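The structure appears below as structure tokens.
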Amino acid sequence: MSNQWSLSFADIDFINSKPAATRLGLAAQLKFFSARGFFAEDGILVPHDGAEYLAEQIGVPADELTGYDFGGRTARRHCAEILQYLGFRRMTRGDREALSRWIIGERCPSGQSVSAMLEAVFLWCRDRNIYGPSAKELERLVRSQRQQYLDGWLHEVSAALPPETVVAMEALSLTRKGRRASMR
């Protein structure tokens, strides 16, 4: 089984300090977060093979994961404990600014989709032991930075065009607008 689902001795000690009924859920959240930089919102996100391997390592039945409420109070407490255990901290304003620069400088030029960029953002945060805001808020940041990048890129392109090309493009645009208006 992949290293993603392997528990260290310290991980096992951390997990075994919790009630037996919640250990597999805690282990799944720990390893899921360690790999992806965000917590699973549902047990469906945890592969069956991964859950079985975790269960084998901590000595519980694999089907115990079905009884773990990933959105419940215990799971939320586990997430906070995992962040503390792994040494994560909340995102600061400086972190957010550095992340924004990284998105524009490294991710946007590659032409990736928003979802691919969001995955990279979670990993960027994970690699710096930063726990960022919600996925929705990070997605807004990615979309905002992507739009800022595109606006700057289009401005650079238009500034590099010869004046006669700009005039020809504007005339073409007006011609097309006129055609659309007459078709209505």
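Taken together, the values in this text are just the output of simple stated rules run on the coordinates, not laboratory data. What you are looking at is a predicted structure, and each value in this text was computed from that prediction instead of being measured. Here the Cβ is made from the backbone with ideal geometry for all residues, glycine too, and neighbour counts use every protein chain on show.
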Between residues in the range 145-174 that are in contact (Cβ under 8 Å) with a residue 12 or more places away in the chain and residues that are part of a helix (DSSP H, G or I) and small (Gly, Ala, Ser), which pairs lie under 7 Å by C-beta distance while being six or more apart or on different chains?
-> 145/100
Could you check how many residues of the range 130-140 are out of contact with any helix residue (DSSP H, G or I) (no Cβ under 7 Å at 6 or more places or on another chain) and either outside any helix (DSSP H, G or I) or surrounded by 15 or more Cβ atoms within 10 Å (Cβ to Cβ) (or both)?
-> 2
Can you name every residue in the range 1-39 that is under 26 Å from residue 128 (Cα atoms), surrounded by fewer than 19 Cβ atoms within 10 Å (Cβ to Cβ) and either of a type in the set (Gly, Ala, Ser) or within 22 Å of the chain's Cα centre (by Cα) (or both)?
-> 2, 3, 4, 6, 8, 10, 34, 35, 36
